[in-house]
Amino acid sequence: MRIINRNILFLSLICASSCAAEETPDLSQLPNISISDFPIIDGSDSTDPLRDLLMCKILGFGYKWERRPFTQDPEADIKEIMPEYTCSESDRIYLESTCLKHSNTHQSYINLIDDKVELVIAARSTSRDEKAYADECGVTLIEKPIAKDALTFMVNPSNPVNNLSISQLQGIYTGEITNWKEVGGNDEEIRPYVRNRNSGSQEKFETLVMEGLKIAEFPELQVGLTMMSPYYQLEDDKQGIGFSPFYYYSVIVDNGSTKAIGLEDVPMTKANVQNNTYPYTTEVYAAVRSDIDHNSTAYELFEFLTTPEGQDIVNESGYVPLNQNSGIRGINGVEDSPLATTYTDLNGVSHITPVMGIIVKTEVYKNCKSKSSKILSTNK
């Protein structure tokens, strides 16, 4: 029998009425920002195209997608946005060297806490280490989701395994499952790969997938510090398994060097990220310091990213746009308390309390916004 959370229905009626009464802002124009007051933006390697595209759109530059000419095989190179600058050479150098930083996820948050950059666009929210550093510095951040992504698990294309259950995946990384034949593959040793501490994908892996489980030691199988390391490793290792943001796999790399596998019989596709059926759907975040001047161009861009026009740019970059705006929260995790919470299983049935399995937790807030996240519940 379908269980309906009446609080959610009641709040939906209240929110629909109160939000409709608010004046709708004019979002038809892009922010009026010039080169001289363009903010200093930093972030993850995987969000480079979005940050570059945002700059081109705001400043009116043309652009095109190209693969970097790094190897003898052009199709093996990663793709990036190439701006077509129509400004002076000095302005181009200023934008590339000062405004568009490329510090990776962890360092970009450190730079924001240290007040060296004004806005971060990253593949995840702040990590435990970054929160501790912010507390030590007496700094708080404001962060919010701006796009959807997923944690993709990849194998060599020759590996016959196309799907794993969550328990099988966890068993591989705890060291309980060591041979591919245990999960329907060849009689070969499994070689798992992990990322370095504080990388965006490693943080997601530890919090979303392992959820407190002890990860076995794979020191000789560390893949290094670059986003491309898992791809270079897995294309030569028929027994390996690793992970990467889906956006990096499907948009930036997109060369068939690895194969994304499904989880719980849900294929790893953009459509399944959009409809939240893939188990490890994640979010891309924008962050600013809480003491930011709300009249600054950095804060204007921070707000712009979740407007309809901002979401159009997110979509054009190849990311999955948000279905709805999510609540803004502080770095310490404190946010407005939800007025009601409901849990929906993958069959679309709503429950007042969590049920066992993969479920979607939805919280409704007094400002009419809601936030949904996918969790793995062990409640029976």
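The values are calculated or read from the model by the stated rules, or taken from the named source; none is laboratory data. All of these numbers come straight from a predicted model, not from anything done at the bench. Neighbour counts run over all protein chains shown; Cβ positions are idealised from the backbone, glycine included. Each accessible area value is taken on the protein alone, full model and side chains, heavy atoms only, with ligands, DNA and RNA left out. Shrake-Rupley method; radii C 1.70, N 1.55, O 1.52, S 1.80 Å.
Values computed for the structure shown
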item	result
Filter on LYS101/LYS204; LYS214/LYS259; LYS79/LYS259; LYS101/LYS148; LYS64/LYS204; LYS214/LYS270 - keep pairs with C-alpha separation over 28 Å	LYS64/LYS204; LYS214/LYS270
Positive minus negative residues near HIS102 (Lys, Arg vs Asp, Glu; Cβ under 12 Å)	-4
Gain in span if fully extended, LYS64 to ASP129, counting 0.36 nm per residue against the direct Cα distance	19.7 nm
Spin-label model distance (nm) - GLU309 vs ASN323, 7 Å beyond Cα toward Cβ	2.7 nm
Surrounding net charge for THR174, when Lys and Arg each add one and Asp and Glu each subtract one, Cβ distance under 14 Å	-4
Candidate residues SER34, SER229: accessible-area rank, largest first, probe 1.4 Å	SER34, SER229
